[in-house]
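What follows is a short report on a single structure.
Bear in mind that the values in this text are calculations on the coordinates, not laboratory data. Note that this is a predicted model, so its numbers are computed, not measured. Glycine gets a Cβ as well: all are built from the backbone with ideal geometry, and neighbour counts include every protein chain shown.
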């Protein structure tokens, strides 16, 4: 951490700052320039609140040098983490396909989609039970009943299931869920993150709509600080000025997050785009950039599509896409060292 | 709502869409152009999911004409709402000053600040008990103990208190709190909003860091749909590319939100700027633009400022500012009709 | 175009609006709702200024239905355009690699890089002569001399050359340049675009840092309206809140722009990322998403890299990458219909 | 400037970097931490390209401490600059109102508006001759003829005139123009800025739609580096996710730019909002925040408003607003020290 002091700082305040920092075990290396003095702080600065330093009269600016996350930081955990989800795993060189409908609607629907995506290579089933909706007048999901139906599909197909939690009070319903998803709007629901840090299940943590990489990793850190190291990061599109797509998939997030962290990184091309015609090219792009997996919406009944999201693929399209993704993954993964 | 169809839409799918809409009581007015047909939908479209329509093969685009919020909409409630908070009220022509420290730290601190801001014209006391922090390693607030101290300050000064809730499970602790604040990061915590819709207390709803005006009003709608009509909207700065300020106060939010909605609109200049030197000019700007009130951070102990936020004013500065704000408010409010 | 009227519009003003529109050959289809009347406008609305309509007292909002660009619109030109550049071409199923240094620095440098990238499969040479720099104190490029050196490299290798123009007054120097680049900061330099509309050379038009797809296509339209149909679109990263990367490559731009327009779309992964380690994964992603080509920075002298940009690849890395890109291109291009 | 090195940097490369910096007269102060070494650079770092340093293999990150602008920097010019424009001046404690129509349309129109705004207290006349339009099919302004009409209005009223230049080739037409405006889209048209640095006229420099404060000040620096110190900065709204307003006026720009720079800062509330109903509250807010002036669109013929911008005030509204602004300015300016 580097603290830039204002010109001619008050001596008493400076001494008080120096003592306060030293009491926290921080070493201080000053650099005196003509207009500015900067203090280089050496030691564990992760507990120092950058805003508090900025508050001081004598401080002009503070710049963080070291990443504020530890458990999620690749510097301290150079090996890729592989996260177990039921009978499968995410990370470590394989390509994981998570697929299923936007919302769980009925037993027939979820079991039929589950069978179909399993046949095409998906190894985890997704489906929304609790649905975060912008309007209180929109369908809010089947909730507990949705989770019950997901369990039926799991029993039928053997696929582990992932579904979203929206509030701490819902946790009891997630006993048979294999991976708990935290949605983009809850990425900084810190009380929920703390609770999930005490749970013995993998967490699929989606990036917030305007969150930076560091903020996503700090949210992962909330979970990991509680003892749960099984976090999978998910890029799902960020808000930009472009309105043609619902969100803008940030494909750079894949190589950057994998460089900064040892956690697996998957991509959700369905919510990024909000348009089914874009799911295939964005999926190819994400895998070409090195993603450990994808989470894709697949629906089974285009004739009654009023109940399906605009971003859902049909099963045939998913099957065809899955084959191509495998080729891209092999091409990109095998040759990784050459390009690096 | 206007639905733009693709060229040469499939007849069966179009009939099915028309029937589905008519079954919901919507009248359909088609406009046939050379390249495109558009359907004008007349009736209550608030329950129609725009994303679901977009999903249809025959639909190119959907544009909403009517606002999707009802209870919060000024069209249906032309009179300004005045929201009672303890022994005072927000809205209706007066200027409300809410002031207090960033975090509640001790009995001495909160009572001393409370007395000082009351003397300068503040009529509601603020203070953080539960603190949303980006890092799990930062101070998370005194929590329940902080609320207890706020109550002591209320007893001592008679000022009603407002403080932030972060999770539904904390509600029991808020019995003696006069107004419950929902922070920017929880603006779309829909389960929490639903719960607050059932509570008999005013809610101070802060705009999310990247939220649009419509999204803020839809979050107010979540609370109001549950029966609690006592919502105060708060502009607290949005995320932009500028990094000199922590966030960018959007002063246009004041006149726009007051035009779209009957709810009172207040501004938080402290969190917008993140720099104490900006609190005074931004407060003046907000009041000049027509804000119903301000929520300002004031701390009492600059000598030990390591624990205070960089955006806090000292009591003397708050007192001086309060006087000027009153002049601006009177100038702008009295002459309102002339300017229109 | 759809015009939403305010409640109870002034009859005289409405009649005046209707006459004005009809005089422009526009047909008007009204839809009368309870709270709102909307006018559907049928005909060529491309010359109607949406802001002017919005200015009217009786108008609440205006929504455009048809794209405001014609020459660039795929609806009116369904076939892919193939743009000739010297002895090669961009678009139509092949993958074009444009490569070269950030800035032209010396005869040795540019000829050596040109030979090396040609050997690895690049078919067009890039190199900056006029450099747009944020600071007036930074190196501004070799300017005219840089173009002279590019011509030498072209004579030596046979590669056509592309370089950036920054002002209309520089056009005379571009006689032997095969393709003229318009940089992101000049995407809305409308006087320059008009001039380039009269030139008989292909134009490489880069997307502005915060431009939407429609704005990019309207800038292409400026060039095409002048008669020059040879425009290649280039995605080069947009500004977002993320600061780890210099800009955020918007990979969705590739499939979306190719859907909206018949013009070829290439991607600049070097400027998007601003970090050489990201060039390879982002290049793979862009090609997997269907890009017609890439423009990549390659430098030749890593030992004296102080003069090279942080985003430049070394020739060996470019060669290895080029091979992989060809595989991805073939995989994605051949199977296109299956995925759709 | 602070250079953060990667762990275990290559010794030869580090020595080469150190020599290169020392040759530029920079002193180097290293701070050695457990995981990272940082180099504090002391001296004039304004000519060091931050991107070039970032390019080095041994460098992890570079952070600038000192502002990269000199002539525009208040640190080196503590006194407010007062910029003469014809027979009036901007800055130094007075409030300057610049007013006039969006586009110059006819002799009658511009003279009539000029007389009317002069009577209400405007001291400079604005009017567009060259119009930057997103569409090549929209009206592009009267161009040279527009400037001729502005001169007539100047002769008639004595008001100095300001109008926008769009290309270096137009400069000859600006001989009788008192202040030359650079529009938001040309804020980084560096060749134009360089040219304007050689001109003996004040320049009104508008902030780009997504530009940071530093980028605006660097564009001012381009002009000042050429010798023209007469620059007035103008906040005119930035692009955000909100679409209700055309742009979002950043009122914080006023106090921040005035702190960072000695140049006067004015605000354009008309283009920020794009809605006439917002011009009054935003004008009040800008003046309350300390703006040195405003540039406001006023039109004279509401009955034929199809040719006026949606953001234009009528003369009566401008007159009423001007009175109120004077009160706010006096309130805020007189008490400045008390609030500070």
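Observations, loosely collected:
- Rounded tilt (10° steps) of A:107-119 against the dominant C-alpha axis of chain A: 80
- Placing a label point 7 Å from Cα along the Cα-to-Cβ axis, residue D:156 is separated from the same position in the other copies by 6.4, 6.7, 7.9 nm, shortest listed first.
- Taken residue by residue and averaged, Cβ atoms of other chains lying within 10 Å of the Cβ of A:234-242 number 5.
- Between the stretch A:120-162 and the stretch A:39-100, the Cα center-to-center distance that results, in Å: 31
- Cα-based radius of gyration for the stretch D:109-213, normalised by 2.2 N^0.38 Å, reads 1.09.
- Gaussian network model of chain C, springs between alpha carbon atoms under 10 Å - residue of C:327, C:48, C:98 with greatest fluctuation: C:48
- Stokes-Einstein diffusion coefficient of the stretch B:209-297, Kirkwood radius over Cα pairs, 25 °C, 0.890 mPa s, in µm²/s: 184
- When chain C is turned onto chain D, the axis of that turn runs closest to one Cβ of chain C, and that residue with its distance in whole Å is C:210, 2.
- Other protein chain C-beta atoms within 10 Å of residue C-beta, averaged over D:180-192: 5.
- Based on the Kirkwood approach, the hydrodynamic radius assigned to the stretch C:161-252 is 13.5 Å, with every pair of different Cα atoms included.
- Extent of the stretch B:97-155 along its three principal axes (Cα atoms, max minus min coordinate, largest first): 37, 19, 14 Å.
- Cα-based values for the stretch C:2-63, radius of gyration first and Dmax second, are 10.7, 31 Å.
- In terms of its Cα atoms, the stretch D:1-130 spans 74, 31, 27 Å along the principal axes, sorted from long to short.
- Residues residue C:80 and residue C:106, FRET efficiency given R0 of 30 Å [Cβ-Cβ distance, rounded to 0.05]: 0.20
- Rounded to 5, the percent of DSSP beta bridges in chain B classed as antiparallel: 40
- nm² value of the averaged projected area, convex hull over the Cα atoms of the stretch C:145-196: 3.6
- Mean per-residue shielding of peptide A:59-69 is 3, counting Cβ atoms of other chains within 10 Å of each Cβ.
- Choice from D:320, D:261, D:138 with maximal GNM fluctuation in chain D (Cα, 10 Å cutoff): D:138
- Only beta bridges with both residues in the protein assembly as shown are counted; by DSSP, about 40 percent of them are antiparallel.
- From the Kirkwood radius over Cα pairs of the stretch B:83-339, Stokes-Einstein at 37 °C and 0.692 mPa s returns a whole-number translational diffusion coefficient of 182 µm²/s.
- Cα pair distances in the protein assembly as shown, grouped into 10 Å bins until the bin that holds the longest one, percent each: 2, 8, 16, 22, 23, 18, 9, 2, 0
- Helix D:213-225 and the longest principal axis of the Cα set of chain D meet at an angle near 90°.
- Inter-copy separations for residue D:169, label at 7 Å along Cα-Cβ, nm, ascending: 1.2, 6.9, 7.0
- Nearest 10 degrees, 0 to 90: helix D:144-157 Cα axis against chain D principal axis: 70
- In chain D, the DSSP-assigned H stretches of four residues or longer account for a calculated mean residue ellipticity at 222 nm of -10000 deg cm²/dmol, using -39500 (n - 2.57) per stretch and the full residue count as denominator.
- Take A:183-191, D:39-47, C:169-177 and order them by the average number of nearby Cβ atoms within 10 Å per residue, most first; the result is A:183-191, D:39-47, C:169-177.
- Calculated label separations, residue A:94, copies of the chain, 7 Å along the beta-carbon direction, nm: 4.2, 6.6, 7.7
- Order of D:162, C:32 under a 10 Å beta carbon neighbour criterion, fewest first: C:32, D:162
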